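This report refers to the structure that appears directly beneath it.
The values are calculated or read from the model by the stated rules, or taken from the named source; none is laboratory data. For clarity, every value in this text was computed on a predicted model and none was experimentally measured. With ideal geometry, Cβ positions are generated from the backbone for all residues, glycine too; neighbour counts draw on all protein chains shown. Surface areas here come from the heavy atoms of the whole protein model, side chains and all, with no ligands, DNA or RNA. Shrake-Rupley method; radii C 1.70, N 1.55, O 1.52, S 1.80 Å.
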Amino acid sequence: MKMNKLVVFAASVVMGMVVMRARGAEKVDFVRDVKPILEGACVSCHKSGKAEGELQLTTRAAALAGGEKGPSLVPGKPAESKLYTLTVLPADHDDIMPPKGGPLAKIQTDAVRKWIEEGAAWPEDVSLKQTRRINFVKDVQPILEFNCVACHREGHDNGRLRLDTRELAFKGGENGPGIVPFRTKQSPVYTTTTLSADDDALMPPTKKGGPMPKEKIETLALWIEQGAVWPDGLVLTPKKAEEAAGDELAAVTAIHKKILANLSAKTEAEMKAYSNAIPGTAVMYGMVPIPGGQFVMGSPATEKGHRPDESPQHPVKIPPFWMGKCEVTWNEYELFMYTDQEKVMTVDTNSPYLDKVSDAVSRPTKPYVEMSFGMGKGENPAICMTQHAANKYCQWLSAKTGHYYRLPTEAEWEYAARAGTTTAYFFGNDPAPLKEYAWFAKNSDFKYQKVGRKKPSPWGLHDIYGNVIEWCLDQYEPKAYEKFLPGPTDDPWVRATKPYPHVVRGGHWDDEEVEMLRSATRRGSSAEWKVQDPQLPKSIWYHTDAHWLGFRIVRPLNVPSPEELLKAWNSGVEKE
């Protein structure tokens, strides 16, 4: 990060220097200095519905009342406040708090101690909610090493700022501190990442990969809010994108190993329909077997509603796979979307803290709006996710269950939807029976509906037409079918080379033209699906304007190599 471009932040930097020097005399501010620590390290075990030791820490009144061992907080007396004393026990002590994720750092325990000494002021209207506790090595070190350290290290200290050690990062460069613990707005290492792509002060610069994804920017902010903990003696080194790919492959290889160890059905004859609970929860999903075979993909010009991108028709061979009986629901998706919700629903025997394989999969940032847009969650289909988010869900579910899940290819989707038929719909060419099988504009009541309420297809799939349109793996190309002649083509997949468009299939609840729900109908994603997203950069996780967009999963019988799994879950261009 070139700090000599940060003149515009001079005032805030100077203020940051004053803050650093005056910390010893300045009173602790609960919201700024203590709340992030408690929310990241304590609330997960001490909140409504999960109050270990009968202690809740979500409000000042609850903290003062304490639990089965008495008061947790005694204003003015840190030595009598378990909220502090249990955090400074030896690391191997049975009673140390928090028991998971490692002890608090001294800068954090000092902030808690001083706050209690000063009377433990806690605004009555401020209640705490669980947030993600940031681990520097896992969460922040990669961000700095891949984006910042190359320009801010020994011999390459642009703006005289180095970010390879804690001491030098906090000391800063010619314009003052780079990082001010607890103060994001006075930490240019964070504030410069939030600028627009055309701002000269953006870090890293656009020509070097900026702006960073929103999830990484939010991680930096949360890290600083929690005290900018940086382990003693840890020196950072610059890394390149290829090394990140290697790290990702290592994580995928661990998932691949888990999948191979969990194989049951190894032949098509052994494939049966099944229902699974997502491990550690009562949330269920169902899968139905789709037999391997050959079909003619696309539609004839004589089919009502036929479009040019459905031609030429061509033969395709498809290996056997399982497909989601229904579209992925909010009950399923929110376990992935909200780490906190997964932890609440996960039983002790399968704590996500112990599930290192699935914990390594990146997760969505918190959305800035209510993502069902008033249509309801629960057993309704999850919506508005990018293809990147859907891919990551598949990776996460694979890691959780030990089964290989991914999005269907466009060919797999059409093959499954046709269910061995050659007509416009699996029930024939007349769309009249559509209302028995699908939710669309004429019967949806202007919103999506709970999955599995309509009749299934001959192969047992519910809502394969209508309700929400479904992501496929393929890049959308209007003339893609021309490359597959004369065929037959084995298991085709048009691999992505750019962010837009990707294939979506099946029609949705707001479609007025029944022809849009045919088995052969193709559509492509668009950047307009997130046009109202006010964030800069726009989220890689949400298409907030696509209220009719969801997905279902498939599980191929044959498990490919880790390299192929990596390609299925990480195209490298879908993060938009």
Per-pair calculated FRET efficiency, R0 = 25 Å: K240 and E564 via Cβ, rounded to 0.05: 0.60
Beta bridges by DSSP in the chain, antiparallel share as percent, to the nearest 5: 90
Gain in span if fully extended, A91 to D490, counting 0.36 nm per residue against the direct Cα distance: 137.9 nm
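Let me make sure I get this right: for segment 507-554, a, b and c are the square roots of the gyration tensor eigenvalues over alpha carbons, sorted descending. Under 1.5 in a/c it's rounded, otherwise prolate if a/b > b/c, else oblate. Which is it? Let's see the in-between values first.
Working: a/c = 2.71, a/b = 1.96, b/c = 1.38.
It is prolate, given that a/c is not under 1.5 and a/b is the larger ratio.
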Approximate spin-label separation T497-D247, in nm, with each point projected 7 Å along Cα-to-Cβ: 3.0
Gyration tensor (alpha-carbon) shape descriptor, segment 420-576, a/c threshold 1.5: oblate
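With a 1.4 Å probe and every protein chain left in place, work out the accessible area per residue of segment 33-171 in Å², rounded to a whole number.
Working: 6710 Å² over 139 residues.
Ligands and nucleic acids excluded, the figure is 48 Å² per residue.
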J(HN,Hα) series, segment 56-71, from Karplus relation 6.51 cos²θ - 1.76 cosθ + 1.60, nearest Hz, glycine and proline x: 10, 10, 8, 9, 5, 4, 5, 5, 5, 5, x, x, 5, 9, x, x
Cα gyration tensor, segment 131-200 - rounded (a/c under 1.5), prolate or oblate: rounded
Cross-link partners of K214 among lysines (Cα-Cα below 19 Å; sequence separation of 8 or more within a chain): K138, K185, K366, K392, K530, K538, K575
Backbone HN-Hα couplings from phi across segment 465-470 [Karplus 6.51/-1.76/1.60, Hz, Gly and Pro as x]: 9, x, 6, 10, 6, 10
Segment E515-K272, length gained on full extension (0.36 nm per residue, minus Cα span): 84.2 nm
Label-to-label distance, nm, for residues given as K138 and E80 (7 Å Cα→Cβ offset): 3.8
Cross-link reach list, lysines versus K483, counting only Cα pairs under 20 Å and skipping chain neighbours closer than eight places: K317, K498
For R552, residues with placed amide H under 5 Å, excluding near neighbours: V328, W471
Amide H contacts under 5 Å for A121, placed H, 5+ residues apart: none
Rounded percent of accessible protein surface that carbon and sulfur make up, segment 183-235, 1.4 Å probe: 51
Mean Kyte hydropathy of 0.0 or more with a Cα span along the axis of at least 27 Å, helices from DSSP in the chain: 241-261
Förster-model FRET efficiency, 41 Å R0, E124 and K171, C-beta, rounded to 0.05: 0.60
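Take the Cβ-Cβ distance between D198 and E52 as r, set R0 to 45 Å, and report the resulting FRET efficiency rounded to the nearest 0.05.
Numbers: r = 49 Å, r/R0 = 1.10.
The formula returns an efficiency of 0.35 here.
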Segments 309-322, 478-491, 65-78 sorted - mean Cβ within 10 Å per residue, highest first: 309-322, 65-78, 478-491
Accessible-area composition of segment 65-118, carbon plus sulfur, in percent [1.4 Å probe]: 55
Label assignment, mean projected area of the Cα convex hull in nm² derived from the structure, set (i) 52.8; (ii) 27.9; (iii) 47.4: (ii)
